[in-house]
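K.L.:
Provided herewith is a single structure, encoded as C-alpha cells, for subsequent inquiry.
The values are calculated or read from the model by the stated rules, or taken from the named source; none is laboratory data. Quantities reported herein were computed from a predicted structural model and do not represent experimental measurements. Every residue, glycine among them, receives a Cβ derived from its backbone with ideal geometry; neighbour counts consider all protein chains shown. Protein only, heavy atoms only, side chains kept; ligands, DNA and RNA dropped before computing areas. Shrake-Rupley method; radii C 1.70, N 1.55, O 1.52, S 1.80 Å.
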Amino acid sequence: MQFATWNVNSLAVRLPQLLDWLAAHPVDALVLQETKLTDDKFPQAEIEAAGYRVAFHGQKTYNGVALLSREAASDITRNIPGLADEQARVIAGTVGDTRVIGAYFPNGQAPGSEKFAYKMQWLDALRAWVREELARHPQLVLMGDFNIAPEDRDVYDPVAWAGQIHCTPEERAHFQQLLGLGLSDAFRLFEQPPKSWSWWDYRNLAFRKNQGLRIDHILVSPALKPRVSACEIDKAPRKNERPSDHAPVIVTLDAQP
DNA sequence: ATGGCGCCACGATGGCGA
C-alpha cells in the first residue's frame, strides 16, 4: 500500500505531469495541494480515466486541495471543522481502513505578519481536529505541504534561514506538537541521504544546485508506524520541463497483518 | 541587492508563493 502527497502548483498546468506520474507510480491514494482551480474546472474526467476516484475542494487563483484514490474515499471532510476559513486547504477521506488527511498549510509570509498569525491559528485548529480524528481513526495519515522545515537538517542553509519563515521556533514547535499527538514523520523512520529536500526555489538555479527545503511531509499514526517500510521523495518530476517547485513524497506500508 | 521564477487574474502589472 502506498500513499503520496504532491504540491502541483496549478493542476491546470501540471495535469499532464500528474497523469504521467500516476502511470509510473500507481499509489493507492494521493493528495494534491495548490490545485488553484474552482471545483467547476476540476479535471475529474481525466483523473477518473486514469483509474482514480477523486474528491476536491478548490477556490479561484489560490490554494485548493484534492484526494485521489483507487477505491472511492468515504466520509469526505473539507477544511477543518469548526474553523471559519475562506481558504481551501484541507481535504480528508477514509480510504479502506485508513483516514487520509491532505493539507496545504499556510505559508505565513514572515514572522510577525498577519499571515503568520493566521498560520498559528490554523495550526492550533488543525492540531485540535487531528487529535479528534486520531481518536476516531487509529489508522491515520496526515500529509501535505506543511510549509515547515522541522529541523536544521531540512534546510540547505540553516544559518541563512534561521528564524525565517518555515524555520521559526514557533512553526517548529507546532510540528513537534503534531508529533506529540503520537504521529511519526515517516521520512525520518529511515536513514536518508543528507540534503534531502522536497522544495526548490524556481529562482537562482536552486534545483541544479540542490538548494532546497524539506517542507512536504507524511505523518503516520502509531497504528500505522510499524507497517511503514519506506518513505521517499521523488525528485524526478522536478526535472520536467515545466515542473512544480515541489516534489512528491511517497510512503509504503506493508499489508495489514 | 529583498531581486532572481512561475502562476494567476488581467488586459498592465501586482499578489503571492517559499
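K.L.:
I need a count of the residues in the stretch A:83-95 that are out of contact with any Ser or Thr (no Cβ under 9 Å at 6 or more places or on another chain) and surrounded by fewer than 22 Cβ atoms within 10 Å (Cβ to Cβ).
P.N.:
Filtering the stretch A:83-95 down to residues out of contact with any Ser or Thr (no Cβ under 9 Å at 6 or more places or on another chain) leaves A:83-87, A:89.
From what is left, the residues that are surrounded by fewer than 22 Cβ atoms within 10 Å (Cβ to Cβ) are A:83-87.
Total satisfying the criteria: 5.
K.L.:
Filter the stretch A:184-200 for residues that are more than 17 Å from residue A:4 (Cβ to Cβ) and assigned to a loop (DSSP other than H, G, I, E, B) and give the result.
P.N.:
Scanning the stretch A:184-200 gives A:191, A:193, A:194, A:195.
K.L.:
Any residue at all in the stretch A:135-156 that's in a helix (DSSP H, G or I) and of a type in the set (Phe, Trp, Tyr)? I'd like the intermediate steps shown before the answer.
P.N.:
Keep residues of the stretch A:135-156 that are in a helix (DSSP H, G or I), which gives A:135-136, A:152-154.
Subsequent filtering for residues that are of a type in the set (Phe, Trp, Tyr) retains none.
No, every residue in the stretch A:135-156 fails to be in a helix (DSSP H, G or I) and of a type in the set (Phe, Trp, Tyr).
K.L.:
In the stretch A:1-15, what residues are among the β-branched types (Val, Ile, Thr), touching a strand residue (DSSP E or B) at 6+ places or on another chain (Cβ under 8 Å) and within 10 Å of DNA strand B (Cβ to nearest atom)?
P.N.:
Across the stretch A:1-15, the qualifying residue is only A:8.
K.L.:
Something else now. Looking only at the stretch A:168-211, count every residue that is within 10 Å of DNA strand B (Cβ to nearest atom), closer than 27 Å to residue A:118 by Cβ and more than 16 Å from the chain's Cα centre (by Cα) and tell me the total.
P.N.:
Residues meeting the conditions: 4.
K.L.:
Just name the residue that is surrounded by the most Cβ atoms within 10 Å (Cβ to Cβ) out of those in the stretch A:229-252 that are of a type in the set (Val, Ile, Thr) and within 16 Å of DNA strand B (Cβ to nearest atom). Before the answer, list the steps.
P.N.:
Step one: list which residues in the stretch A:229-252 are of a type in the set (Val, Ile, Thr), which gives A:233, A:249-252.
Checking which are within 16 Å of DNA strand B (Cβ to nearest atom) leaves us with A:233, A:249.
Details: A:233: 21, A:249: 24.
Within the stretch A:229-252, the match that is surrounded by the most Cβ atoms within 10 Å (Cβ to Cβ) is A:249.
K.L.:
Return yes or no: is residue A:18 modelled with pLDDT of 95 or more and more than 15 Å from DNA strand B (Cβ to nearest atom)?
P.N.:
For residue A:18, the condition - modelled with pLDDT of 95 or more and more than 15 Å from DNA strand B (Cβ to nearest atom) - is not met.
K.L.:
Which ones in the stretch A:132-152 are within 16 Å of DNA strand B (Cβ to nearest atom) and charged (D, E, K, R)?
P.N.:
Matches in the stretch A:132-152: A:145, A:151, A:152.
K.L.:
In the stretch A:212-227, which residue that is open to solvent by less than 20 Å² (accessible area, probe 1.4 Å) and over 13 Å from residue A:142 (Cβ atoms) is farthest from DNA strand B (Cβ to nearest atom)?
P.N.:
First, pick out the residues of the stretch A:212-227 that are open to solvent by less than 20 Å² (accessible area, probe 1.4 Å): A:212-221, A:224.
With over 13 Å from residue A:142 (Cβ atoms) added as a condition, the list becomes A:212-215.
Values: A:212: 8, A:213: 5, A:214: 10, A:215: 6 Å.
Checked the stretch A:212-227; the qualifying residue farthest from DNA strand B (Cβ to nearest atom) is A:214.
K.L.:
When only residues in the stretch A:158-167 that are assigned to a loop (DSSP other than H, G, I, E, B) and open to solvent by 60 Å² or more (accessible area, probe 1.4 Å) count, which is nearest to DNA strand B (Cβ to nearest atom)?
P.N.:
Restricting attention to the stretch A:158-167, the residues satisfying the condition of being assigned to a loop (DSSP other than H, G, I, E, B) are A:162-167.
So of that shortlist, the ones also open to solvent by 60 Å² or more (accessible area, probe 1.4 Å) come out as A:162, A:164.
On the way: A:162: 13, A:164: 9 Å.
In this case the residue turns out to be A:164.
K.L.:
On the basis of being of a type in the set (Asp, Glu) and either farther than 22 Å from residue A:133 by Cβ or away from DNA strand B (no atom under 16 Å from the Cβ) (or both), does residue A:85 make the cut?
P.N.:
Values: of a type in the set (Asp, Glu): yes; either farther than 22 Å from residue A:133 by Cβ or away from DNA strand B (no atom under 16 Å from the Cβ) (or both): no.
Considered against the rule, which asks whether it is of a type in the set (Asp, Glu) and either farther than 22 Å from residue A:133 by Cβ or away from DNA strand B (no atom under 16 Å from the Cβ) (or both), residue A:85 comes out as no.
K.L.:
Can you report the number of residues in the stretch A:32-53 which are more than 10 Å from DNA strand B (Cβ to nearest atom) and surrounded by fewer than 21 Cβ atoms within 10 Å (Cβ to Cβ)? Explain how you work it out, then say what you get.
P.N.:
Initially, the stretch A:32-53 is screened for residues more than 10 Å from DNA strand B (Cβ to nearest atom), giving A:32, A:39-40, A:42-53.
If we keep only those that are surrounded by fewer than 21 Cβ atoms within 10 Å (Cβ to Cβ) as well, we get A:39-40, A:42-46, A:48-51, A:53.
Counting residues in the stretch A:32-53 that are more than 10 Å from DNA strand B (Cβ to nearest atom) and surrounded by fewer than 21 Cβ atoms within 10 Å (Cβ to Cβ) gives 12.
K.L.:
Looking only at the stretch A:53-66, count every residue that is in contact with a helix residue (DSSP H, G or I) (Cβ under 7 Å, 6 or more places away or on another chain) and touching a residue at least 24 places away in the same chain (Cβ under 8 Å) and tell me the total.
P.N.:
2
K.L.:
Give the stretch A:69-82 a look and list any residue that's in a strand (DSSP E or B) and open to solvent by 60 Å² or more (accessible area, probe 1.4 Å), or say none.
P.N.:
Matches in the stretch A:69-82: A:75, A:78.
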